[in-house]
Amino acid sequence: MKKFRGTTIVCVKKNGKVAMGGDGQVTFGQTAIKHTATKVRKIFNDKVMVGFAGATADAITLFDKFEAKLEEFRGNLRRAAVELAKDWRTDRVLRRLEALLTIADKDHMFLISGSGDVLEPDDNVIAIGSGGSYAQAAAVALSKYSSLDTTDIVKESLKIAANLCIYTNDVIVVEELIENEQ
């Protein structure tokens, strides 16, 4: 799987809540050109969160395609993820898109790649991007050994990644889904 520079996204599920967050830095080569980008958003009537790492235009294209798949499969996240991954891998235009997606609803979370991967983590934590490994390690530890809620785990994990990864900053946006929200 290709490693993307320029962002960190982390998603955590704990105690009936799911939170996903990302940093705001956008880089072009070795230069940080934007510090307040929003790389995580809610879609499908605010029932699904999506975050991306990679080329912005590619990710927006994939957001739109994924939301169409959610509509087509009436909100079935797993089915929409698998169908997007199949299209992404086999379509002549889509397969050139350079991004990774993290998607989550109140029940599931997945990493989707252009090589056909649809991965669901075992430990209710997933992270992507240049600081993804740092954020994931921090989030796993904080999930297991602290009483922080999901939003705070995501924020602290991203702050740790920002201290270690030059492509990640501490301008953080976090979205949250709560199990009993309709």
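For the options GLY132, GLY116, GLY21, a Gaussian network treatment of the chain with springs between C-alpha atoms closer than 10 Å singles out GLY116 as fluctuating the most.
In the chain, one over the average inverse separation of all distinct C-alpha pairs is 15.9 Å, which is the Kirkwood hydrodynamic radius. Mind jotting down the distance between the C-alpha centroids of segment 7-22 and segment 104-157, whole Å? Answer, in whole Å: 6.
With viscosity set to 0.890 mPa s at 25 °C, what whole-number translational diffusion coefficient in µm²/s follows for segment 25-114 from Stokes-Einstein and a Kirkwood radius over Cα pairs?
Numbers: Rh = 13.5 Å.
So the translational diffusion coefficient is about 182 µm²/s.
Ranking ASP91, ASP122, ASP23 by Cβ neighbours within 10 Å, fewest first, what do you get? The partial results should precede the final answer.
On the way: ASP91 13, ASP122 6, ASP23 31.
In increasing order of surrounding Cβ atoms, one gets ASP122, ASP91, ASP23.
Fewest-first ordering of THR7, THR36 by other beta carbons within 10 Å of each residue's beta carbon gives THR36, THR7.
Taking 30 Å as R0, compute the FRET efficiency from the Cβ-Cβ separation of LEU164 and LYS42 and round it to 0.05. Mind dumping the intermediate values first?
Details: r = 28 Å, r/R0 = 0.93.
Calculated value: 0.60.
Magnitude of the charge dipole for the chain, about its Cα centre and with charges confined to Cβ atoms of Lys, Arg (+1) and Asp, Glu (-1), is about 480 debye.
State the extension gain, in nm to one decimal, for the chain segment bounded by SER133 and ALA32, taking 0.36 nm per residue of separation less the distance between their alpha-carbons.
Once the chain is fully extended between SER133 and ALA32, it gains 34.3 nm.
For the cross-link pairs LYS42/LYS144; LYS13/LYS144; LYS13/LYS34, which exceed 21 Å when the distance is taken from alpha carbon to alpha carbon? Among LYS42/LYS144; LYS13/LYS144; LYS13/LYS34, the Cα-Cα distance tops 21 Å for LYS42/LYS144; LYS13/LYS34.
With both labels modelled 7 Å from their Cα along Cα-to-Cβ, the SER146 to ARG95 distance reads 4.2 nm.
A short reminder: the numbers here are calculations on the coordinates, not readings from a lab. Remember, predicted model here, so these are calculated numbers, not experimental data. Cβ sites come from the backbone with ideal geometry, for glycine too, and all protein chains shown count toward neighbours.
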